1. Could you calculate the FRET efficiency of ILE37 with GLU97 from 1/(1 + (r/R0)^6), where r is the beta carbon distance between them and R0 is 25 Å, rounded to 0.05?
2. Restrict the search to the chain; then list the chymotrypsin sites (Phe, Trp or Tyr not before Pro) that DSSP places in a loop and that have at most 10 other Cβ atoms within 10 Å of their Cβ.
3. Set Lys and Arg Cβ to +1 and Asp and Glu Cβ to -1, take the dipole of segment 10-91 about its Cα centre, and tell me which of TYR15, SER90, ILE43 lies farthest positive.
4. How many Lys pairs in segment 10-91 lie less than 18 angstrom apart by Cα atoms, where the lysines are 8 or more positions apart or on different chains?
5. DSSP loop (so not H, G, I, E, B), at most 15 other Cβ within 10 Å: list which trypsin sites (Lys or Arg not before Pro) in segment 56-101 pass both filters.
6. Given the Cα-Cα distance of SER29 and ASP77 and 0.36 nm per residue of separation, how much length would full extension add, in nm?
7. Roughly how big is segment 1-68's charge dipole about its Cα centre, with Cβ charges of +1 (Lys, Arg) and -1 (Asp, Glu), in debye to the nearest 20?
8. Between LYS19 and LYS87, how many nm apart are label points set 7 Å from Cα along the C-beta direction?
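Bear in mind that the values in this text are calculations on the coordinates, not laboratory data. Computed from a predicted structure; not experimentally measured. A quick note on method: Cβ atoms are made from the backbone with ideal geometry, for glycine too, and the neighbour counts reach across all protein chains shown.
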Amino acid sequence: MKSRRIALESYVEKYEQDKGMEDGFELLSDVVTKGWIVTDFLIKVKREDGAIVCPYIKNRRGRTFIGAGDYIVVDSDGTRHVCGADKIWSRYERPAEEPGN
């Protein structure tokens with residue numbers, strides 16, 4: 001059955017470290033050994049103890065790891081998503097103040 005998603009407003013912001021946008025961090029070694037995801041473009045943060053961790057957000061499907069250039073999308077109902085820079089402006093209207101308009 002073909003259907004069109006109901007429009008809802010979302011807040012879209014490019015991910016930046018040290019702004020508290022993520023829900024947590026996972027050790028890179030755990031991401032590699034426990035997951036079935038491509039890790040090449042994930043953001044990797046080196047902690048003072050030498051551990052390398054990757055930021056993520058939590059949603060109803062579990063953890064979504066944040067990649068370089070990704071945006072965090074927060075829907076009006078509070079649902080959070082990660083969307084890549086390659087898809088964000090084909091799925092969401094670009095704000096007037098966003099560079100590149």
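1. Details: r = 33 Å, r/R0 = 1.31.
It comes out at approximately 0.15.
2. Values: sites: TYR11, TYR15, PHE25, TRP36, PHE41, TYR56, PHE65, TYR71, TRP89, TYR92; in loops: TYR15, TRP36, PHE41, TYR92.
Answer in residue order: TRP36.
3. Final value for the positive-end residue is SER90.
4. Taking the Cα cut-off of 18 Å, the pair count is 9.
5. Answer in residue order: ARG60, ARG61, LYS87.
6. On the way: separation 48, 0.36 × 48 = 17.28 nm, distance 3.36 nm.
Between SER29 and ASP77, full extension yields an extra 13.9 nm.
7. Working: 13 positive and 11 negative charges, 116 e Å.
The dipole of segment 1-68 has a size of about 560 debye.
8. Simple spin-label model gives 2.1 nm for this pair.
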